[in-house]
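Peer 1: I'd like to ask you about the structure that follows.
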Amino acid sequence: MLTKQRTTATELVTKWIDQQQEKGRTAGELHQTMFVYGDDVMQVEVDENNKLHITDRTPHQVVVFRKAEPEPGHICRCCSMEYDHEKDALHCCAYID
Ligand SMILES: [Zn+2]
């Protein structure tokens, strides 16, 4: 289980790096970026050959405190009616023209 999660975290970081580099960001810009996936902490570092490496920085324990943010409701873009589900908001005025 733990091994599988670690693989996924590495895959996610690798994908993210690829996307950033496609956007034109350099290895130096990505240097020391940290990633948290579940309890896994990973960090991207550049070596002397300007190559990126993903390092496992997972400590003994990770506790993340999140600030409570108000959940934005799903609002119909036409009439501003609020719904619990995005699907309902999308369908609200979808058939009215
Ligand atoms: Zn509507």
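Bear in mind that the values in this text are calculations on the coordinates, not laboratory data. The structure displayed is predicted, hence computed values, not measured ones. Note that we place each Cβ from the backbone using ideal geometry, even for glycine, and neighbour counts take in every protein chain shown.
Peer 1: Taking the chain as the reference, fit the longest principal axis to its C-alpha atoms, fit the long axis of helix 2-22 to the helix C-alpha atoms, and give the angle between the two in degrees, 0 to 90, nearest 10.
Peer 2: Its long axis makes an angle of about 80 degrees.
Peer 1: Would you look at the GNM of the chain, springs on alpha carbons closer than 10 Å, and say which of MET81, MET34, MET42 moves the most?
Peer 2: The residue that fluctuates most here is MET81.
Peer 1: Relative contact order of segment 2-56: what whole-number percent is it, with Cα pairs under 8 angstrom and at least 6 residues apart?
Peer 2: Relative contact order comes out at 28 percent.
Peer 1: Helix-derived [θ] at 222 nm for the chain: sum -39500 (n - 2.57) over DSSP H runs of at least 4, divide by residue count, nearest 500?
Peer 2: Value at 222 nm, helices only, nearest 500: -10000 deg cm²/dmol.
Peer 1: Give me the number: length gained by fully extending GLU11 to GLU29, i.e. 0.36 nm times residue separation minus the C-alpha to C-alpha distance, one decimal in nm. Each step should come with its number before you reach the end.
Peer 2: Working: separation 18, 0.36 × 18 = 6.48 nm, distance 1.98 nm.
Going from the current span to full extension adds 4.5 nm.
Peer 1: Of GLU29, GLU45, GLU82, which is the most mobile in a GNM of the chain whose springs link Cα atoms less than 10 angstrom apart?
Peer 2: It is GLU82.
Peer 1: So which residue, out of ARG66, ARG77, ARG25, gets the largest mean-square fluctuation from a GNM of the chain using Cα contacts under 10 Å as springs?
Peer 2: Taking springs between Cα atoms under 10 Å, the residue moving most is ARG77.
Peer 1: With r defined as the distance between the Cβ atoms of VAL36 and HIS74 and R0 fixed at 35 Å, what FRET efficiency is calculated, to the nearest 0.05?
Peer 2: E(calc), rounded to 0.05, equals 0.80.
Peer 1: Shifting gears a bit: Given the Cα-Cα distance of VAL62 and ASP84 and 0.36 nm per residue of separation, how much length would full extension add, in nm?
Peer 2: The VAL62-ASP84 span can extend by a further 4.7 nm.
Peer 1: Determine, for PHE35, PHE65, the number of other Cβ atoms within 10 Å of each Cβ, and report the residues in order from fewest to most.
Peer 2: If I rank by nearby Cβ atoms, fewest first, I get PHE65, PHE35.
Peer 1: Here's another thing I want to ask about it. In the neighborhood of THR55, defined by Cβ-to-Cβ distances under 11 Å, what is the net charge if each Lys or Arg adds +1 and each Asp or Glu adds -1?
Peer 2: Combined, the nearby Lys, Arg, Asp and Glu give -2.
Peer 1: Also, I was wondering about something else. Tell me the label-point distance for the pair GLN43, GLN19, using the 7 Å Cα-to-Cβ offset, in nm and rounded to one decimal.
Peer 2: 2.3 nm
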